[in-house]
Amino acid sequence: MSDRWYSEAVVYCLDIDTFADSDGDGVGDIRGLIGRLDYLARLGVTCIWLQPVHPTPDRDDGYDATDFYTVDPRFGSLGDFAELLHQAKNRGIRVIIDLVVNHTSNEHPWFVSACSSPDSPYRDWYVWSDHEPADRHQGMVFPGEQRETWTYDRTAKAWYYHRFYKFQPDLNFGNPEVREEIKKIVSFWLQLGVSGFRIDAVPFIIEMTDPGNPNSPKDFEFLTELRQHVQWRKGDAMLLAEANVEPDELPVYFGDGGGSANRLHMLFDFMLNGRLMLAMAREDPEPIIDGLRDTPKLPEGAQWATFLRNHDEIDLSRLTTDQQEEVFAKFGPKEEMQLYGRGIRRRLAPMLGNDRRHIELAYALQFSLRGTPVLRYGEEIGMGEDLSLPGRAAIRTPMQWSPGPNAGFSTAEAEKLVRPVIDKGDFGYRRVNVTAQRGDSGSLLAWFERMIRTLREAPEIGAGSTTHIDEAMPPGVLAHRADGPTGTMVFLHNLGTKDVTVDLGSLYAEADMPNDVLTDRPYEPAGKLDALHLGGHGYRWIRLCRNASGFGHPASRPTT
């Protein structure tokens, strides 16, 4: 894989504490993950994204760190982590970790010191106001759970800023010492062997908070500094970030006004994610077509990360109110399924009624769109959610490995588990688990393995250009293509339930023995592409032509 390895990667997102427990204490750990690396290698994963790994009071599932230079002792030691990196590398798998530095825990020694005295060396590492800010009750990330973004500390005798919960005080990135410390943290983990970072809440990191100003300016130069620092320390390291902002703001996260990709390598495509959900709710591809058309042009070397489900709720905030209501009605009609008035806290399989054809269609579509696909642990076996758990915990239940006790996740007593396993209904671990699906060639897990193998034989998808095929289509059908130095792929996905016939005969002049490489069921050969049958919720990935001499050449940049 090239220096831009991330453009052809398959990223698998997991929480160490809910993946695999090796010592029977009820909490997943690093050694447990090491023991499951062969499973991930067989699945086709090339990069593991680890959710927060640092010591924490665990009031926000690890997003409240007390030490950025080691791992949570519940997970193991730094030595265990180094062994994980070694064993993953042996299997051709890279590892990236969450970089959650917008804030710390209020129990972090820096903040404890900062509160203790105005003369503390860490006082200016946080954002303070001597007077109650006028925007105290604005800018909450978690409506209904947060009441304010400024809290008064009696010891410090001042107000401190926290974009998230009050136990997560924001660091002051206007302070050069803080910026240098973040670079040290990054250097530490790169030296240990990680391949990059998923930067949490990046718009808030670069926000130069001004008390009383709800529209404080952003300093994008810090992203330039961080990228330069990372590249000097490890040339092929990657920065993937979360920036759910307006489309016209996105390009400046990738690079400066000169058009160079000198900031973030990758961003999650929240805009396309919302459009995908709307399209599936309507059984109409038009929102996806709009999303592809409206995507800002990226500089050379920049990349999108696509996803259907991640560790948070499905965020519909980029849709209109009416569009949100359509998606809620289809996929999250009950209040308990919704979160923060903007999202759905469910996994995909139950959202789609556990309809195997619909699940395959959704993931075939995601993995065929431009960008690098990100897959949440357990989605490959069709895990469900536990709506009895609070907030986002509903979709963060232990991995279901077997029909044995605790789903094979842990040998601890059930009451000692970090979170309860799903043990009832259609998604209970006795029905949905890796062991059962491993022995079934027709299982969802087997399908994911086959689909990912096919993806890796089609580098045009991640590293080429993706365009909508603007031809007359039957209702519900999306046709798009991916072009690159290695050739061309054509994709058909039917979001509707009725069988249809598609005419793409206009592409035949470009074809060289076109053939299906991934389908939902057997179809007649592609022939001249003028009578392509497609079932309801069906899909066809068609190799239009191949250019073997293109392998190893720099990939062209996606334009849409």
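The values are calculated or read from the model by the stated rules, or taken from the named source; none is laboratory data. Because the structure is a prediction, the values reported are computed rather than measured. Heads up, the Cβs are rebuilt from the backbone with ideal geometry, glycines too, and the neighbour counts pull from every protein chain shown. Surface areas here come from the heavy atoms of the whole protein model, side chains and all, with no ligands, DNA or RNA. Shrake-Rupley method; radii C 1.70, N 1.55, O 1.52, S 1.80 Å.
Across segment 267-277, which residue is modelled with the lowest pLDDT among those that are farther than 14 Å from Glu242 by Cα and open to solvent by less than 10 Å² (accessible area, probe 1.4 Å)?
Gly274
From the residues in segment 382-400 that are surrounded by fewer than 24 Cβ atoms within 10 Å (Cβ to Cβ) and not charged (D, E, K, R), which one is farthest from the chain's Cα centre (by Cα)?
Of everything passing the filter in segment 382-400, Ser388 is farthest from the chain's Cα centre (by Cα).
Quick check on Arg456: is it closer than 28 Å to Thr372 by Cα, open to solvent by 50 Å² or more (accessible area, probe 1.4 Å) and more than 21 Å from the chain's Cα centre (by Cα)?
No: the conditions fail for Arg456.
Could you pull out the residue among Phe188, Phe204, Phe197, Phe142 that is modelled with pLDDT under 95 and closer than 27 Å to Ile48 by Cβ?
Phe204
If you go through segment 209-227 one residue at a time, how many are under 24 Å from the mean Cα position of the chain (by Cα) and of a type in the set (S, T, N, Q)?
1
How many residues does segment 401-418 hold that are within 14 Å of Val27 (Cα to Cα) and part of a loop (DSSP other than H, G, I, E, B)?
Total meeting the criteria: 7.
Residues are listed down the side, and each one gets a yes or a no for (1) within 30 Å of Thr454 (Cβ to Cβ); (2) surrounded by 15 or more Cβ atoms within 10 Å (Cβ to Cβ):
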{"site": "Arg74", "(1), (2)": "no, yes"}
{"site": "Ile97", "(1), (2)": "yes, yes"}
{"site": "Val112", "(1), (2)": "no, yes"}
{"site": "Asp119", "(1), (2)": "no, no"}
{"site": "Trp125", "(1), (2)": "no, yes"}
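Is it true that Met280 is assigned to a helix (DSSP H, G or I) and either modelled with pLDDT of 95 or more or of a type in the set (Lys, Arg) (or both)?
yes
Which of the residues that make up segment 54-82 are farther than 20 Å from Phe111 by Cα, assigned to a loop (DSSP other than H, G, I, E, B) and in contact with a helix residue (DSSP H, G or I) (Cβ under 9 Å, 6 or more places away or on another chain)?
Arg74, Phe75, Gly76, Ser77
Table: residues versus (1) open to solvent by 10 Å² or more (accessible area, probe 1.4 Å); (2) closer than 23 Å to Asp58 by Cβ; (3) touching a Gly at 6+ places or on another chain (Cβ under 8 Å); (4) among the acidic types (Asp, Glu).
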position: Tyr152; (1), (2), (3), (4): yes, no, no, no
position: Phe173; (1), (2), (3), (4): no, no, no, no
position: Ile199; (1), (2), (3), (4): no, yes, no, no
position: Phe204; (1), (2), (3), (4): yes, yes, no, no
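What's the number of the condition Thr149 fails, among (1) among the polar types (S, T, N, Q); (2) under 28 Å from Glu313 (Cβ atoms); (3) in contact (Cβ under 8 Å) with a residue 60 or more places away in the chain?
Tallying (1) among the polar types (S, T, N, Q); (2) under 28 Å from Glu313 (Cβ atoms); (3) in contact (Cβ under 8 Å) with a residue 60 or more places away in the chain, Thr149 fails exactly one: (3).
Quick one: how many residues across segment 21-46 are within 14 Å of Pro73 (Cβ to Cβ), in a loop (DSSP other than H, G, I, E, B) and free of Cβ contacts under 8 Å to residues at least 60 places away in the same chain?
2
Can you pull out the residues in segment 218-248 that are closer than 30 Å to Asp315 by Cα and in a loop (DSSP other than H, G, I, E, B)?
Asp219, Phe220, Ala237, Glu242, Ala243, Asn244, Val245, Glu246
I need the full set of residues from segment 315-341 which are surrounded by fewer than 19 Cβ atoms within 10 Å (Cβ to Cβ) and polar (S, T, N, Q), in order please.
Ser317, Thr320, Thr321, Gln323
Hey, among Phe427, Phe409, which residue is farther than 18 Å from Tyr39 by Cα and either touching a residue at least 12 places away in the same chain (Cβ under 8 Å) or touching a strand residue (DSSP E or B) at 6+ places or on another chain (Cβ under 9 Å) (or both)?
The conditions single out Phe427.
Yes/no per residue for (1) open to solvent by 30 Å² or more (accessible area, probe 1.4 Å); (2) within 22 Å of Phe409 (Cβ to Cβ):
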site	(1), (2)
Asp15	no, yes
Gly24	no, yes
Gly32	no, yes
Arg36	yes, yes
Tyr39	no, yes
Pro52	no, yes
Ile93	no, yes
His108	no, no
